[in-house]
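What follows is a short report on a single structure.
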Amino acid sequence: MFLRCDQTPQWPGLKARFSHEGKRFDLRQAFADDAQRFAHFSQAAPHLFADLSKNLWDRPTEALLLDMARSCGLEQRRDAMLHGEPINTTEGRAVLHTLLRRPAGQVLPGDLPGIAPALAEVHTTLDAMLAFADRMRADDGITDVVNIGIGGSDLGPHMAVLALDACRAPGKRFHFVSNADGHELAGVLRLLRPQSTLFLVASKTFTTAETMTNARSCLAWFAEQGGADVARHFVALTAQPDAAKALGITRSFGFWDWVGGRYSLWSSIGLALAISIGAAGFRGLLAGGHAMDEYFRTAPLAANLPVRLGLLDVWYRNFHGFTSRCVAPYHAGLRRWSAYLQQLEMESNGKRVDASGEALAYATSPVLWGEPGTNGQHAFFQMLHQGSDVLPLEIVAVRKPAHSLAGHHDQVLANALAQAQALMVGKASDDGHRHFPGNRPSTFLLLESLTPESLGALIALQEHRVFVSGALWGINSFDQWGVELGKVLARDLQQRLASGDALGLDASTAGLLHRLRG
Ligand code: F6P
């Protein structure tokens, strides 16, 4: 049995450290005291560089956090995941999204016996999926690709297609329909012609209500518009191909129950992205992810970026008591980055019990939120600088742009740098309104350019960082029981909306039901 963070000998030491040094910690003083601070808290990792030095911690605190991670068995927990142990205990499953990006034939010492055949299947499916993607990419008869899916079957491909727009197949448009609200689908269907549209129905379970409703409506629209050849125009991306067949969709690309929805971009759920950037681009994304996996697996904890970020997250949440993290990508292509991270982190670590079901006495996932810089600067950054809460900021910047417009990119990079600097240094004024307290933390992640490889590494970094904090918190980061109750009640209420039956409902729900029925 592994220890939770609060069961380790380091936990009281960290509490004491926070009460003494932690509360009074001043970033400006820390830089004055330690000429090597930037060097120490800089971390190179595959395809990216991180500056962690503008955070509210020092070397002794980090050393204690590292010891706590060792006491929690972080390395053994990591290896258990990578080698295929069924660490998703509430669902009795392995957690093997990393296998989706492993090169063919690469078996690691310690892998469970099922890994080699699973990896062979991964590559057979990947090759078929990518051959199809390249055929569709080259097919001028297909102008529009519509991904129908929600949660992990939408957020990953949607975020990545936008991020890698510079590599998008010329002449193709990509649409993402996730919401059950027909306003979304109707707005997309207005733009389409059946003979030039490819629908991708993306759902691991092929039972998700929103996706099934949208898929049925698309099939009906296709028939009404005189569309012929459903087999050419509809493809299912699912672990349940029989359910897709029952809906009339015969072509499907599969994946496995050991791929969680929010970790499924790397599987056939990534088909929209593969059509957009091509097979070679998609293989680049996988290679970037794999490079980060290898680094996470082999780098010493003290020089391991996902580990350092995960430890910082625990320090902020459980000692400083910070409740959220603001995410600001300084790249317009990353405009779905915070939405993507919200599912990754909050669905994984938004848990109130440990892996054995015991209630926790400490907080877990922070709230993640944000918008691309510089837009956020003209909206909520006021609160980051002068609000009553400290809200750690995480910037993602990209050194080289993928466009040649003069003057833009320097402005973007200067703003990213200026925000991190202003948050830290602040500005004293006798006028309270104009006073900036400073000492506000930020992390700066820097990519050389936004490519399939660097995006793959950036995503895998975040996946592993979520794993690290979840492991220290002792929770199962790979289930999501919290989404079930609302689904069950929605099914019941949909029937009640039709019938008007409010029997047994609480007074508020009954009152609203009557209003909604008009
Ligand atoms: O309801 C939550 C969830 O299960 C997510 O975890 C998942 O990514 C999403 O729904 C979509 O599920 P599916 O791919 O099975 O349609």
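Read-outs: derived from the displayed coordinates by stated rules, not from any lab. Fair warning: this is a prediction, and the values are worked out from it, not measured in the lab. Here the Cβ positions follow ideal geometry from the backbone for every residue, glycine too, while neighbour counts run over all protein chains shown.
Some notes on this structure:
- Extension gain, T143-F38: 0.36 nm per intervening residue step, less the Cα-Cα distance, totals 32.9 nm.
- Computed from Cα positions, the angle between helix 408-425 and the longest principal axis of the chain comes to roughly 40 degrees.
- Förster-model FRET efficiency, 22 Å R0, F380 and A332, C-beta, rounded to 0.05: 0.80
- Taking the Kirkwood radius as Rh and the Cα radius of gyration as Rg, the chain has a ratio of Rg/Rh equal to 0.98.
- R216 versus D127: modelled label distance in nm, points set 7 Å from Cα along the beta carbon direction: 3.9 nm
- Protection proxy ranking of 65-77, 293-305, by the mean of other Cβ atoms within 10 Å over each peptide's residues and highest first, is 65-77, 293-305.
- Expressed per residue, the C-alpha convex hull volume of the stretch 97-277 stands at 111 Å³.
- Highest average packing first - 152-164, 183-195, Cβ atoms within 10 Å: 152-164, 183-195
- Ranking M212, G260, G171 by how far each Cα lies toward the positive end of the dipole of the chain (charges on Cβ) leaves G171 at the top.
- For the stretch 387-437, a simple Cβ point-charge model (Lys and Arg +1, Asp and Glu -1, everything else neutral) yields a dipole of about 240 debye relative to the Cα centre.
- Full extension of the segment from L512 to A280, taken as 0.36 nm per residue of separation minus the current Cα-Cα distance, would add 78.3 nm.
- Pairwise label distance in nanometres, R491 with A223, each label 7 Å out on the Cα-Cβ vector: 2.4 nm
- Percent antiparallel among DSSP beta bridges (both partners in the chain, rounded to 5): 25 percent
- Nearest-ten-degree value, helix 305-314 long axis tilted from longest Cα axis of the chain: 70 degrees
- Virtual paramagnetic centre 7 Å along Cα→Cβ of S449, amide N under 11 Å, in the stretch 397-440: 399-404
- Two-site FRET efficiency, A186 against E484, from Cβ-Cβ distance with R₀ of 25 Å, rounded to 0.05: 0.30
- Pairs with C-alpha atoms separated by more than 29 Å, drawn from the list K54/K204; K172/K204; K351/K487; K172/K487, are K54/K204; K172/K487.
- Under the simplified labelling scheme, the Y362-L505 pair shows an inter-label distance of 4.3 nm, with each label point 7 Å from Cα along Cα→Cβ.
- Paramagnetic reach from D79 in the stretch 272-316 [backbone N under 17 Å; point 7 Å along Cα→Cβ]: 294-302
- Full extension of the chain between L108 and D67 gives 12.1 nm of extra length, using 0.36 nm per residue less the Cα-Cα distance.
- Positive-pole candidate from G511, G456, G470, dipole of the stretch 373-518, charges at beta carbon: G511
- Over the chain, Cα pairs under 8 Å with separation of 6+ residues give a relative contact order of 19 percent.
- Residue-averaged [θ]222 nm for the chain, counting only DSSP H segments that reach four residues, each worth -39500 (n - 2.57): -13500 deg cm²/dmol
- 0 to 90° range, to nearest 10: angle between helix 484-499 axis and the chain longest Cα axis: 40 degrees
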